[in-house]
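Colleague: Next up is a structure, given as structure tokens.
The values are calculated or read from the model by the stated rules, or taken from the named source; none is laboratory data. In this text, all values refer to a predicted model and were calculated from it rather than measured experimentally. Note: ideal-geometry Cβ built from the backbone for every residue, glycine included; neighbour counts use all protein chains shown. SASA here: full protein model, heavy atoms, side chains in, ligands and nucleic acids out. Shrake-Rupley method; radii C 1.70, N 1.55, O 1.52, S 1.80 Å.
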Amino acid sequence: MALRWILLFPLIGALLNGIVWRPKKAAIAGAIGSLGAFAAFLVSCGVVSALSNGADVTDAWFTWIQAGRIKIDFLLEATPVTGLMLMVVTGIGTLIHIYAAGYMSHDKSPSRFFAYLNLFLAAMLTLVLSGDLVGVFMGWEGVGLCSYLLIGFWHEDDANAAAGMKAFVTNRVGDLGFILALLVLLTYVGTSNIRELLAIFSDPTKSPELWVSALAAAGLFWASTGKSAQIPLFIWLPDAMAGPTPVSALIHAATMVTSGVFVTVRLWPMFAANEAVLHAMMWGGLATAWLAALTALTQRDIKKVLAYSTVSQLGFMFVALGVGSPTGALFHVVTHACFKALLFLGAGSVIHGMHHKQDLFEMGGLKKKMPVTHVVFLVATLAIIGFPLTSGFFSKDMILAKAYEASPVAYVLLLGAALLTAFYMFRLYALAFWGTSRSDEASHAHESPIVMTAPLMVLAVLSVFAGWIETPVVIGDIHRLQSWVEGSWYGHGPAAHGEEHALSHAMEWGLMGLTSLLSLSIAYFAFSKYGRFKGASGETSVFKKLSENKFYVDEIYDTVIVRPLSALARFSSDWIEGRLINGLAHLSAGAARGSGQVLSILHAGNLQAYAWYLAAGTGVILLMTWSLGVWK
Amino acid sequence: MESLSLYQIIVAALTVIAALNVLLAKNPVVSAMSLMATLFMTGALYFGLGAFFIGAVQVLIYAGAISVLFVFIVMLLDMRPSLVAIPGRTLKVTLMSLAGLVFAAGLGLVVCGAPLQSMTEGDPATASTSLSIAARFLSRYMLPFEVTGLLIFAAVMGAILIGRAHDPSLRQARKDAK
Amino acid sequence: MIEFHLVIALTLFVIGVLGFLTRRSGLTALMCLELMLNGVNLALVTFSRAHGNPDGSALVLFVILVAAAEAALALSILVALFRRTGSDVLDDFRELRG
């Protein structure tokens, strides 16, 4: 089946929900949306099976732009990496659509919601499937747009609309990098087709000067800091929690935020040659992982903790890319999608049961009131901290091992971030589900309907077992992921076993053991600290204040960037526009008026004056021509 | 080249004097009468040049009708010589005369410097006889001739319209129409 | 003789110009206008005589005719203006100013 149907099914769903039918009942809208996603999922399964048979799956849909020597096709291609992403996006997407049908059952415009959600899916799939960078960019912008639409879904509240704006504007700043990369590639390499690009960059005789790929890679990395919430453009993600929880789960946990990682993996040969960009990725990822984790330690809103956790985990993925392991990054993308979506959906279930209260300090004792949610949430928490043999364990340890190979310092820092993760996640878990109910809503909470809990259970299973596609040498030595993604770069990628690490078995056991031991200890410590939480203690410290206020990043940006720009804008409008340009305009107007007034004196209205002009003028002309000898 | 006859010189002198009088007279009636004299003398000048028909027309129409019209209007407007000295008038006259003199200088230089020797003098007997002019009128200048008729007709109508604005019977008719 | 008459015509014309520019009353200015026309007519007749060509005289006839029409209209306008404003001084008619 042609690849285009993966895009078309969600688009049709969006059209039905958004324009053509616009059903009023959430059940119908949700059904249409879920069917759109599920149909795409089925086609994706077909694609993956075709890929596993070694087929070359492409769909050259149409020639899009043809201007001079620039030819850009709207081309859909499925490489193994693409196939994996397709499964994640459509599979988890379908589950979230079904969940949302229950979550949004009392909303007043469900058709709009599901239309946006399907539109997002179509855009994300365009990003994933496109074989040309311009098509990827179209999907990139599309997911940005849908993110804005969905974050500000309840736009009657100004704060939600502002959060949507923040996300869009910040993403736009990042998109500048993407556009730069596109321009550089189109001008100096001559093509934006990914297959051709990778071929050119891998061929030493044909590849352009180093600065071209460096600039393109840097530009794409900048764009990734926007889309994938790294320092310095991560600021929109915590605010994005203003949107409905299914949105947070789908967009800001599983799919959109991994776009940056995906694009980097897709174009890996171009990145692999640029040491500087890779270093930036690693250190940036480490810094982001730490900053976000430190902020998550003191947050009271359940969704905010998860948001910062997402930023932190994305940092992990970029560290993996920075140390040269696209497989590791991709692995973590997949496992993170499973357990983070589960965490968000579980939080949504909690919020639903708490009648839309989100403050952790007002929860407590929910394990008795919401048993199913409790169990799945625990599974997800164990996965994220890397409890042995869960999916998170395998992906995180792969990244840690690769980090150790590259730089022990990086390893130590990353380990620290992982330990912080253990702490804040168990703090979250304990505050929400253990102890006594600290508010009325908590004591009257009830479990969510099956339409919401069923997807949770599916995701829980995945969170446990998805890790078995890639295990270390010492535990099973399964490398199905690695061998799967090998062929994703048209023969130009890392050599078949290029990612085989040089660690000895003992080292591997040692690292794994250290990580697990430390994580579990910290988790238990957090659990005991917060398991019998009675209420916030009044004491505060400098660190606590910094962490609660997210290290004042937004305030710093406001002072350093926003205010000078506003002042500049005001200066421009008042002085340059108001005085200078208006002055010039008035000057020329005044000149015209003045000269008109001067000249109008000639219009005396007096007959003899006009006769005077005639006589004098004719006389002068006659004298002049006579002196020139015309009349001889 | 025929030489100037005494008759032509005297008539010319009288013409110029009368013209100057038109220019310089304070009393508008004197101005009007001087105009009549100038026009009459110009007619005499035409006779001296052998253009008898034109001379007759000049005396009949110009001196006999147009200047009389001027006298009528002077009487109608009851113009008196103004004896009040108007401030700033001298400056105005000076400036105006300046332009006039510049014009005169230019025109004079051009006219007097023009080569006239190439012309041969025509025969006064046949130059501007009524026969030759009539022949022209009925052949080459037929159209302008007819159009001039229309022109005079239009002028008469226009003069009547402009002139009768305050006719009382017309005013009554206008009031009834409102 | 030709030059003489041309000079006379020139003189008439210049006097007319000077008068038209200088005289205060509209009526006397119109009289000077007639002087100008006469100067032109004299020049035309002179040339007609000089070339032996009646075209000049024919043209003079036309000028006289048009001058008659023009004098009639100009005078009636002047009279109308006089009736309206009570003044025949040209400087007073400045409504078309600016």
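Colleague: What translational D, rounded to a whole number of µm²/s, comes out for chain C from Stokes-Einstein when the hydrodynamic radius is the Kirkwood one over Cα pairs, at 10 °C and 1.306 mPa s?
Modeller: Values: Rh = 14.9 Å.
The estimated diffusion coefficient comes to 106 µm²/s.
Colleague: Taking θ as phi - 60°, what are the ³J(HN,Hα) couplings along the stretch B:51-56 by the Karplus curve (6.51, -1.76, 1.60), each to the nearest whole Hz, with x for Gly and Pro?
Modeller: Once θ is set to phi - 60°, the couplings for the stretch B:51-56 become 9, 5, 4, 5, x, 4 Hz.
Colleague: Could you provide, to the nearest whole Å², the per residue accessible area of the stretch C:1-61 with probe 1.4 Å? Numbers along the way, then the final one.
Modeller: Numbers: 1390 Å² over 61 residues.
Averaged over the residues of the stretch C:1-61, the accessible area is 23 Å².
Colleague: What list of ³J(HN,Hα) couplings, whole Hz, do you get for the stretch A:614-631 from phi and the Karplus terms 6.51, -1.76, 1.60, once you set θ to phi - 60° and write x for glycine and proline?
Modeller: 4, 4, 4, x, 4, x, 4, 5, 4, 4, 4, 5, 5, 5, 7, x, 5, 8
Colleague: Another one. Longer than 30 Å from Cα to Cα, which of A:Lys71/A:Lys402; A:Lys304/A:Lys396; A:Lys227/A:Lys369; A:Lys166/A:Lys368; A:Lys357/A:Lys545 are they? Say none if no pair is. Please report the intermediate quantities before stating the final value.
Modeller: Working: A:Lys71/A:Lys402 40 Å; A:Lys304/A:Lys396 22 Å; A:Lys227/A:Lys369 37 Å; A:Lys166/A:Lys368 39 Å; A:Lys357/A:Lys545 23 Å.
Those over the limit are A:Lys71/A:Lys402; A:Lys227/A:Lys369; A:Lys166/A:Lys368.
Colleague: Would you mind giving the mean number of other chain beta-carbons within 10 Å of the Cβ of each residue in B:41-50, as a whole number?
Modeller: For this peptide, the per-residue mean of nearby foreign Cβ atoms is 4.
Colleague: For the stretch A:546-632, state which GluC sites (Glu not before Pro) are in a DSSP loop and have at most 12 other beta carbons lying within 10 Å of their beta carbon. Let's see the in-between values first.
Modeller: Working: sites: A:Glu548, A:Glu555, A:Glu577; in loops: none.
Those that pass, being in a loop and sparsely packed, number zero.
Colleague: Would you grab the residues whose amide H sits under 5 Å from the one on A:Val57? Only those 5+ places off in sequence or on another chain, please, with H modelled 1.01 Å from N.
Modeller: Under 5 Å from the amide H of A:Val57 lie the amide H atoms of A:Ala78, each far enough along the sequence or on another chain.
Colleague: How far, in nm, would the chain grow between A:His106 and A:Lys25 when pulled straight, counting 0.36 nm per residue and subtracting the alpha carbon separation?
Modeller: Details: separation 81, 0.36 × 81 = 29.16 nm, distance 0.89 nm.
Taking A:His106 through A:Lys25 to full extension adds about 28.3 nm, to one decimal.
Colleague: While we're on this one: How far is helix A:158-184 tilted, in degrees, relative to the longest principal axis of the Cα atoms in chain A, given as a value from 0 to 90 rounded to the nearest 10?
Modeller: So the helix axis and the longest Cα principal axis differ by about 80 degrees.
Colleague: Whole angstrom only: what separates the Cα centroid of the stretch C:1-52 from the Cα centroid of the stretch A:267-302?
Modeller: Here the two parts' Cα centres lie 102 Å apart.
Colleague: If you find the alpha carbon centre of the stretch A:137-195 and of the stretch A:353-378, how far apart are they in angstrom?
Modeller: First find each Cα centre; the distance between them is then 35 Å.
Colleague: Probe radius 1.4 Å, ligands and nucleic acids left out: which of A:Cys338, A:Cys45, B:Cys112 has the largest accessible area, and how do the rest follow? Working shown, then result.
Modeller: On the way: A:Cys338 10, A:Cys45 50, B:Cys112 90 Å².
I get B:Cys112, A:Cys45, A:Cys338, largest accessible area first.
Colleague: Using only C-alpha atoms and all pairs of different ones, pull out the Kirkwood radius for chain A in Å with one decimal. Don't skip to the answer; put the middle values down first.
Modeller: Working: mean 1/r = 0.0375 Å⁻¹.
It works out to 26.7 Å.
Colleague: Still on this structure, please answer the following. If you find the alpha carbon centre of the stretch A:62-101 and of the stretch A:445-469, how far apart are they in angstrom?
Modeller: What the calculation gives is 26 Å, centre to centre.
Colleague: What is the calculated FRET efficiency for A:Ala592 to A:Thr625, with r their C-beta to C-beta distance and R₀ = 45 Å, to the nearest 0.05? Write down the numbers at each step before the final one.
Modeller: Numbers: r = 34 Å, r/R0 = 0.75.
Computed FRET efficiency for A:Ala592 and A:Thr625 comes out at 0.85.
Colleague: Between A:Asp132 and residues 5 or more places away or on another chain, which pairs have amide H atoms under 5 Å apart, with H built 1.01 Å from N, and which residues are they?
Modeller: Long-range HN contacts for A:Asp132: A:Leu75, A:Ile194.
Colleague: Another question, then. How big is Rg to Rh over the stretch A:535-591, alpha-carbon atoms, Rh as the Kirkwood inverse-mean-distance radius? Could the numbers behind the result be given before it?
Modeller: On the way: Rg = 22.6 Å, Rh = 15.0 Å.
We get a ratio of 1.51 for the stretch A:535-591.
Colleague: Express in Å², to the nearest 10, the accessible area of A:Ser516 obtained by rolling a 1.4 Å probe over the protein heavy atoms while all chains stay in place.
Modeller: My reading of the accessible area for A:Ser516 is about 20 Å².
Colleague: Calculate how steeply helix A:582-600 sits against the longest principal axis of the alpha-carbon atoms of chain A, using the helix alpha-carbon long axis, and give the answer as 0 to 90 degrees to the nearest 10.
Modeller: 20 degrees
Colleague: Follow-up. At 0.36 nm per residue, and after removing the present C-alpha to C-alpha distance, how many nm does the segment from A:Glu196 to A:Thr436 gain when stretched out fully? Let's see the in-between values first.
Modeller: Working: separation 240, 0.36 × 240 = 86.40 nm, distance 6.12 nm.
So the extension gain works out to 80.3 nm.
Colleague: Under a 1.4 angstrom probe, counting protein chains only, how are A:Lys206, B:Lys26 ranked by accessible area, largest first? Provide the component values of the computation, followed by the final result.
Modeller: Numbers: A:Lys206 125, B:Lys26 160 Å².
The residues order as B:Lys26, A:Lys206, largest area first.
Colleague: Related question: FRET efficiency for B:Val29 and B:Ala114, Cβ-Cβ distance as r, R0 = 60 Å, nearest 0.05? Could the numbers behind the result be given before it?
Modeller: Details: r = 39 Å, r/R0 = 0.65.
About 0.95, to the nearest 0.05.
Colleague: Normalising by the residue count of the stretch B:7-61, find the relative contact order in percent from Cα pairs under 8 Å and 6+ residues apart.
Modeller: On the way: 52 pairs, mean separation 18.8, N = 55.
Reported as a whole number, the value is 34 percent.
Colleague: Across the residues of A:590-603, average count of Cβ atoms on other protein chains within 10 Å?
Modeller: Working: counts 0, 0, 0, 0, 0, 0, 1, 1, 0, 0, 2, 2, 1, 4.
Partner-chain Cβ atoms within 10 Å, mean over residues of A:590-603: 1.
Colleague: Hey, another quick one. Roll a 1.4 Å probe over the protein heavy atoms and report the accessible area of A:Trp626 in Å², nearest 10.
Modeller: Its accessible surface works out to 90 Å², give or take rounding.
Colleague: How high is the relative contact order of the stretch A:342-431, in percent, counting Cα pairs under 8 Å that sit 6 or more residues apart? Let's see the in-between values first.
Modeller: Values: 60 pairs, mean separation 25.4, N = 90.
With pairs under 8 Å counted, the relative contact order is 28 percent.
Colleague: Enumerate by residue number the trypsin sites (Lys or Arg not before Pro) in the stretch A:17-76 meeting two conditions: DSSP loop (anything except H, G, I, E, B), and at most 12 other Cβ atoms within 10 Å of the site's Cβ. Provide the component values of the computation, followed by the final result.
Modeller: Details: sites: A:Lys24, A:Lys25, A:Arg69, A:Lys71; in loops: A:Lys24, A:Lys25, A:Arg69.
Sparse-neighbourhood loop trypsin sites (Lys or Arg not before Pro): A:Lys24, A:Lys25, A:Arg69.
Colleague: Same structure, new question: Using the alpha-carbon atoms, what tilt in degrees (0 to 90, nearest 10) does helix A:302-322 show relative to the longest principal axis of chain A?
Modeller: 80 degrees
Colleague: Quote the FRET efficiency, to the nearest 0.05, computed for A:Asn606 versus A:Asp574 with a Förster distance R0 of 56 Å and r equal to the Cβ-Cβ distance.
Modeller: 0.70
Colleague: Another question, if that's okay. At 1.4 Å probe size, put A:Thr540, C:Thr22 in order of accessible surface, largest to smallest.
Modeller: On the way: A:Thr540 95, C:Thr22 25 Å².
The ranking, largest first, comes out as A:Thr540, C:Thr22.
Colleague: Below 8 Å between Cα atoms, with a sequence gap of 6+, how large is the relative contact order for chain C in percent?
Modeller: On the way: 87 pairs, mean separation 27.4, N = 98.
Relative contact order of chain C: 28 percent.
Colleague: Now a separate question. Can you work out the Karplus-derived ³J(HN,Hα) for every residue in the stretch A:373-385? Use 6.51 cos²θ - 1.76 cosθ + 1.60 with θ = phi - 60°, whole Hz, and x for glycine or proline.
Modeller: Values, residue by residue: 4, 4, 4, 5, 5, 4, 4, 5, 4, 4, 5, 5, 7 Hz.
Colleague: Sticking with this one: Among all the lysines, which ones have a C-alpha under 19 Å from B:Lys26's C-alpha, if same-chain residues fewer than 8 places away are not counted?
Modeller: B:Lys92
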